[in-house]
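Inspection log for the structure reproduced underneath, given as structure tokens.
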Amino acid sequence: MKIELTINGVRRTGDVEPRKTLVDTLREDFLLTGTHAGCEHGVCGACTVLLNGEPVRSCLMFAAQADGYEITTIEGVAPAPGEMSVVQDAFCETHGLQCGFCTPGMILSAHALLERTQSPSHEDILEAISGNICRCTGYGQIVEAIEFAADRLRKSNAPRPAAAVEGTAK
Ligand code: FES
Ligand code: FES
């Protein structure tokens, strides 16, 4: 069936099997392989993308269900090619990733949180990433990265995450 999505600010069309998942469609049809497929049954959060700004597990959705929606993948969070978002930069600085498998989902969950609130509490951060499992168990540095990014965004008065997404065309 034909679907039309806005992915990272760009209108995209596809022709997919009705039962094809969104994660497989993003990876195979649109070649956006930054969205990872882990458990593929809704547990790990590796497949997290933003659907109209809200984190969703793309392994639990059919691509057909996303027809007409705006999707942000990890490829869409940087302000320009070769640059990193404030959140991505913070993950690098605090060593908030080890193997990196969970990282795209973690970063998208963090972007959604920082879009909702400029000053998240420690508990807010834990709640925001509670659906994302890190098999390397680097949670301490991940939480630190999100706190660091929030602090930087507040101090620099930089555009908050969604603004960067809107300006990205891929
Ligand atoms: S791959 Fe979707 S939740 Fe694990
Ligand atoms: S950094 Fe390895 S799964 Fe999180």
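What follows is calculated from the coordinates using simple rules that are stated; it is not laboratory data. This is a predicted model, so every value here is computed, not measured. Cβ coordinates were reconstructed from backbone atoms using ideal geometry, including for glycine residues, and neighbour counts include every protein chain displayed.
The simple Förster model, with R0 at 41 Å and r as the Cβ-Cβ distance, assigns residue 65 and residue 93 a FRET efficiency of 0.65.
Here the spin labels are modelled as points 7 Å beyond Cα on the Cα-Cβ line, and at residue 4 and residue 152 they lie 3.8 nm apart.
The stretch between residue 117 and residue 15 holds 33.0 nm of extra length on full extension. This uses 0.36 nm per residue minus the Cα-Cα distance. Take residue 80, project a point 7 Å from its Cα along the Cβ direction, then tell me which residues of region 139-153 have their backbone nitrogen under 20 Å from it. Residues passing the 20 Å test: 153. Under a Cβ-Cβ cut-off of 13 Å, what is the net charge of the residues other than residue 124 that fall near it, where Lys and Arg count +1 and Asp and Glu count -1? Summing Lys/Arg as +1 and Asp/Glu as -1 gives -3. Highest mean first, the peptides 116-126, 71-81 sorted by other C-beta atoms within 10 Å per residue fall in the order 71-81, 116-126. Within the chain, helices built from complete DSSP H runs that reach 18 Å or longer along their own axis (Cα positions) and carry a mean Kyte-Doolittle hydropathy of 0.0 or higher are 103-116.
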